[in-house]
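Here the structure comes first, spelled out in structure tokens, and everything after it is commentary.
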Amino acid sequence: AMARLEGVDVSHTDLTWQQAETVCANMCSGDIQLKSLKMAGTDLSSVDPDLLARAVSRLEQVDLRATGLTGQQAEAILTAVRAADSQLRTLDLAGNDLSSVEPGLLAEAVNLLEEVVINFTQLSRAQTEAILARSLEKTSLGRLEMEGVRGGVGEELGRRAGEVISILKL
């Protein structure tokens, strides 16, 4: 049924990890029209990282807020964003712990997207500054939300990034 839909919202539906993995597997097989997937509030921590990343990269908009992503899953998703064939434009990872993600990978992937929400994701100052510094070099971002950063952000860097990114929330 999902193959014929453009958007699916299964947020807060108590999907099991097996059901979530089946959704991802179906998105990776065959020809799908799906462009948007919302799975907020669904525990995805047991879903295979590579499968999840392949599924996410085939979509244009993905909402994975508060899904219990592991560091390995987050890295797989961000690595997939960097691939030339990624279709992803909008990504919401708010409420997941991204503290273990390498700052360079995070900065590169985030700046390839158009809209990113990573509020309250345990980002370090180094990760945040890497994202903002990268935006000054090259970015596709029109909207970036990074509220709740540990250690804050340098005022000057935040100001300069705000000149490049139309909507920047720190």
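The values are calculated or read from the model by the stated rules, or taken from the named source; none is laboratory data. Since this is a predicted model, take the numbers as computed values, not measurements. A quick note on method: Cβ atoms are made from the backbone with ideal geometry, for glycine too, and the neighbour counts reach across all protein chains shown. For the accessible areas, the whole protein counts, side chains as well, though only heavy atoms, and no ligand, DNA or RNA atoms are used. Shrake-Rupley method; radii C 1.70, N 1.55, O 1.52, S 1.80 Å.
Regarding residue 73, is this residue polar (S, T, N, Q), free of Cβ contacts under 8 Å to residues at least 60 places away in the same chain and more than 16 Å from residue 47 (Cβ to Cβ)?
Values: polar (S, T, N, Q): yes; free of Cβ contacts under 8 Å to residues at least 60 places away in the same chain: yes; more than 16 Å from residue 47 (Cβ to Cβ): no.
In short, no.
Using the structure shown, decide if residue 27 is farther than 16 Å from residue 98 by Cα and either among the charged types (D, E, K, R) or under 13 Å from the mean Cα position of the chain (by Cα) (or both). First the steps, then the outcome.
Details: farther than 16 Å from residue 98 by Cα: yes; either among the charged types (D, E, K, R) or under 13 Å from the mean Cα position of the chain (by Cα) (or both): no.
Here the answer is no, as residue 27 does not meet what is asked.
Check residue 161 against each of (1) under 28 Å from residue 46 (Cα atoms); (2) open to solvent by less than 10 Å² (accessible area, probe 1.4 Å) and name the one condition it does not meet.
So the condition that residue 161 fails would be (1).
Check whether at least one residue in segment 45-52 is farther than 19 Å from residue 110 by Cα and touching a His at 6+ places or on another chain (Cβ under 9 Å), and report yes or no.
Of segment 45-52, the ones farther than 19 Å from residue 110 by Cα are 45-48, 51.
Narrowing the set further to residues that are touching a His at 6+ places or on another chain (Cβ under 9 Å) leaves none.
No; the residues of segment 45-52 include none that is farther than 19 Å from residue 110 by Cα and touching a His at 6+ places or on another chain (Cβ under 9 Å).
Given the residues 147, 129, 156, which is the only one that is assigned to a loop (DSSP other than H, G, I, E, B), open to solvent by 30 Å² or more (accessible area, probe 1.4 Å) and over 20 Å from residue 56 (Cβ atoms)?
Checking each option against the conditions leaves just 147.
Which of (1) out of contact with any helix residue (DSSP H, G or I) (no Cβ under 7 Å at 6 or more places or on another chain); (2) within 29 Å of residue 34 (Cβ to Cβ); (3) in contact (Cβ under 8 Å) with a residue 12 or more places away in the chain does residue 84 not meet, given it meets every other one?
Going through the list (1) out of contact with any helix residue (DSSP H, G or I) (no Cβ under 7 Å at 6 or more places or on another chain); (2) within 29 Å of residue 34 (Cβ to Cβ); (3) in contact (Cβ under 8 Å) with a residue 12 or more places away in the chain, residue 84 breaks only (3).
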